[in-house]
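What follows is one structure encoded as structure tokens, with my remarks underneath.
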């Protein structure tokens, strides 16, 4: 599975590709991106949840700390453009006028909050219809997590490898690494799969074991890749917002409730 491509450049608000501080032009950029997000949502997928989350974090970090990050979590090198935008934003309050930056930020924030709420709605609907089991309550802190997916009543198990190093790529990496059939003793077949896979894995820290394995049972109606991606994003949200605490499987639902209630996303990136 290839990584989900970003629909809107993380630097869009200060990028040379766009007309910074041209509110009318930027409104078309925002509307165009929203149409693409809506198209994905209509298909019942939430592949770009990570991206809309990054945009929301960036909007808050830009105003709060004058910083913007790309999907590789590297600070934007356009420090002058960022400062110019933020200065123009605060000039609106100082002079009691509506500046271009204020208009652009307001449009972007409203659009992204609405879009993120919809993405989280799709994701929570999927998470609410599956069953998750894991032994390690801090599995989201593992360098690699393995997700074993089974359709209820079916003897075939798909195995996905999830890597979430948010200091390198907030989107993470998720790919299918095989499957096994367990018509009889599933634990025996699972053990065989683990042993065979680990023979090919050279790094001991990323080998498959119970502490970095999450099990998911889902109804036949769900696409494996879509469901696995939602689990990946649940792990991502835990990594971003829970940190060293125990994993919270309801975090997407709780975040959606906050957004619906407050009509804002009250978080920013604080990575050094």
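Taken together, the values in this text are just the output of simple stated rules run on the coordinates, not laboratory data. Note that the coordinates shown come from a computational prediction; the quantities given were computed from them, not determined experimentally. Ideal geometry is used to build each Cβ from the backbone, glycine not excepted, and the neighbour counts take in all protein chains shown.
Helix 49-65 and the long axis of the chain differ in direction by around 40°, with both axes built from C-alpha atoms.
Percent relative contact order of the range 106-193, based on C-alpha pairs within less than 8 angstrom and at least six residues apart?
On the way: 80 pairs, mean separation 14.8, N = 88.
In percent, rounded to a whole number, it is 17.
Could you grab the relative contact order for the chain? Cα pairs under 8 Å, six or more apart, rounded to a whole percent. Please report the intermediate quantities before stating the final value.
Working: 396 pairs, mean separation 64.5, N = 272.
Relative contact order, the chain: 24 percent.
Calculated [222 nm] ellipticity per residue, helices only, for the chain: -15000 deg cm²/dmol; basis is -39500 (n - 2.57) per DSSP H run with n ≥ 4, divided by all residues, nearest 500. Given the alternatives (1) 73, 36, 31; (2) 89, 72, 35; (3) 50, 48, 34, Cα extents along the principal axes in Å as computed for this entry is given by (1). For the pair residue 42 and residue 246, what calculated FRET efficiency results from E = 1/(1 + (r/R0)^6), where r is the Cβ-Cβ distance and R0 = 25 Å, to the nearest 0.05? Between residue 246 and residue 42 the formula returns 0.10. Springs between alpha-carbon atoms under 10 Å, Gaussian network over the chain: tell me which of 117, 184, 44 tops the mean-square fluctuations. Comparing 117, 184, 44 in a Gaussian network model of the chain, the most mobile one is 184. Compute the helix-to-body angle for 186-200: its Cα long axis versus the longest principal axis of the chain, expressed 0 to 90° and rounded to tens. For 186-200 against the chain, the angle is about 60 degrees. Considering only 156, 113, 13, the Gaussian network model of the chain with Cα springs below 10 Å gives its largest mean-square fluctuation to 156.
Helix 79-95 and the longest principal axis of the C-alpha atoms of the chain enclose an angle of approximately 60°. Of all the options 235, 249, 120, the one that moves most in a Gaussian network model of the chain with Cα springs shorter than 10 angstrom is 249.
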